[in-house]
Structure formats: structure tokens, C-alpha cells
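Contents: one structure, followed by commentary.
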Amino acid sequence: MPRPSTREKLLDCAENLFANQGLAGVSLRSINASAGLSPAALHYHFGSKDALVAAVLERHMPSLMNRRRKLFDALERSPESISVRAVLEALVRPMIELLEHDQNDGHRYLRFIYRLQVDGDLFPLFPTEKLGGGVDRLVPMLCRAMPDIPIEVIEVRLALAIDVMLRSLALTPPTVAADLDAQMRGLVDFLTGALEAECTEAAV
């Protein structure tokens, strides 16, 4: 297996440090030190911390969003009724496929994404809607699947579901998730039940 380039080594180290400590807790010096490189290496390849973070995001986010866009497009074109489970599978499946492609690298990236989500840094840094696979498309499909549940309730439940999804995928060690299809089925089962729960007056 070829050795990673200096640029890839910096991206790997930055991704891991950002996942563990958040953007604010990581300095350029600490990334260079973790990579075993000179202080000038990161500046040479990326120029700034913002450019480095953008490069880490760009490693997988466009492909994830494009894959999700195709799944969303297929659901929206379907003449049949949309099920909540089908919508959630379209949300989760691209991340499972990322893990299937390379479980260790995929898991590190999802830990990074989850940390950005927890810290409130994800969407300001990467406007995912521009790629057509953003979560803004989920609410209309879920409203179509659950016409009896108010949109305000759907929005709250979806936000909770996304947090649970990212947490589950990011914090499950790769060695535990040997059967990724089973993991996806279990996760989608749980999220479907949460979204389809009976809507009480208190919930509205």
C-alpha cells in the first residue's frame, strides 16, 4: 500500500484532532506536531486553518450529498406513497456506504462531522443544500408521509433524529459495527418509531 502524501497525512491528523477536540481546541501547531512535520508544512499545503477545515469537509461531503440527492430524487419522483422508513433510509444509507468503503477512514470522518454538528459549526461551514442532498428536503417528504402530524412536530423530531443518527454512527467503534446493514436497519427502525409516534396535545 502506498504511503499517504504529506497533504493526506495532514488531513488525516487534522480530521482526527478536530473530531476529538473541536475546531476551537486545535491549533495549526498541534496538527503539524501530530503529523510529525515541520511548522511550515500545513501553511504550505493549505495556507490557513479555514482552508484546512474546508479541505477536510470536501473529502467526503460532496459525494455524500450527491448520493443522498439521487436517493431523494427517486423518492420524490415515485408515484407511490412515500414511507417514513424510506425517507430515513435515504438519509442514513450514504453514511453506511461510506463506512462500507473504508470503515476506519469513514468512521473518523463521521466523528468529525458529528463534532461539528454538536459544536454548531457544520452548516455555517458547509451549506449542504447547494448540493441538493441537504436535510431541507426531508421535511416536505416527511410531511407527505405523515400528513396528520403538524410540520412543527416533524421539524423537532427530525432534528432529534439527525442528532441520534450522527451520534450512533460516529460513536460506535468500527470493530463493533461488523454488520453495517444490520446497524442501518436497527437505526432506521428506531428513528422510524420516533418519527411516527402518536402526536399528543403536549407535543404540539
Unmet requirement for Glu80, which otherwise passes all of (1) outside any helix (DSSP H, G or I); (2) surrounded by 14 or more Cβ atoms within 10 Å (Cβ to Cβ) = (2)
inquiry  = Please verify whether Val26 is over 20 Å from Asp102 (Cβ atoms) and among the β-branched types (Val, Ile, Thr), treating the condition exactly as stated.
reply    = yes
task = State the number of residues belonging to the range 157-166 that are exposed (fewer than 14 other Cβ atoms within 10 Å of the Cβ) and either touching a residue at least 40 places away in the same chain (Cβ under 8 Å) or of a type in the set (Ser, Thr, Tyr) (or both).
result = 1
ask   = Considering Pro4, Pro39, which residue is under 25 Å from the mean Cα position of the chain (by Cα) and at pLDDT below 90?
value = Pro4
inquiry  = So, in the range 128-186, exactly how many residues are at pLDDT 90 or above and of a type in the set (Lys, Arg)?
reply    = 4
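The values are calculated or read from the model by the stated rules, or taken from the named source; none is laboratory data. What you see is a predicted model; the values in this text were computed from it and never measured. Glycine also receives a Cβ, built like all others from the backbone with ideal geometry; neighbour counts cover every protein chain displayed.
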